[in-house]
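What follows is a short report on a single structure.
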Amino acid sequence: MFLTPFVFGETGQTVAASTAYVLGVLIALGGLLNAATRQTGGLELIPAVLAVILFVSPWAFGFIAGTGLAWAAWIIAILIVLMVGSLFAMQNRRAIA
């Protein structure tokens, strides 16, 4: 998400670009924190919560008007939620086995 303003050439939209920068860095840090810990203790939810915030951000910050950043926010947020959901599904499957 951090690179999407550069990819779509929308660095001039300051609210949308700054939202992408901040949430992109926070999602990456949440993932790195999750990868750095050995035990599962609920840290998996950090990227999921940030993804929900990312999904709502085009409406909340007003950059929904047909921008590539809005579409990127929605698509990336959905992918993150799906990845976190599959992680929980795999953990439940391992616990049962």
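Bear in mind these aren't lab numbers, they're just calculated from the coordinates by the rules spelled out. Since this is a predicted model, take the numbers as computed values, not measurements. Glycine gets a Cβ as well: all are built from the backbone with ideal geometry, and neighbour counts include every protein chain shown.
Our summary gives the chain a relative contact order of 30 percent, counting only alpha carbon pairs under 8 angstrom and 6 or more residues apart. Each label was represented as a point 7 Å from its Cα along the Cα-to-Cβ direction; for residue 45 and residue 25 these points are 2.6 nm apart. For region 4-96, the fraction of C-alpha pairs farther apart than 23 angstrom is 29 percent.
Taking 7 Å steps out from each Cα toward its Cβ at residue 2 and residue 35 produces label points 1.2 nm apart. Classify region 12-57 as rounded, prolate or oblate from the Cα gyration tensor: take a ≥ b ≥ c as the square roots of its eigenvalues, call it rounded if a/c is under 1.5, otherwise prolate when a/b beats b/c and oblate if not. Oblate shape, in that a/c is at least 1.5 and b/c is the bigger or equal ratio.
Can you show me the helix-derived [θ] at 222 nm for the chain, built from DSSP H runs with n ≥ 4 at -39,500 (n - 2.57) apiece and divided by the number of residues, rounded to the nearest 500.
Helices in the chain give a 222 nm mean residue ellipticity of -25500 deg cm²/dmol.
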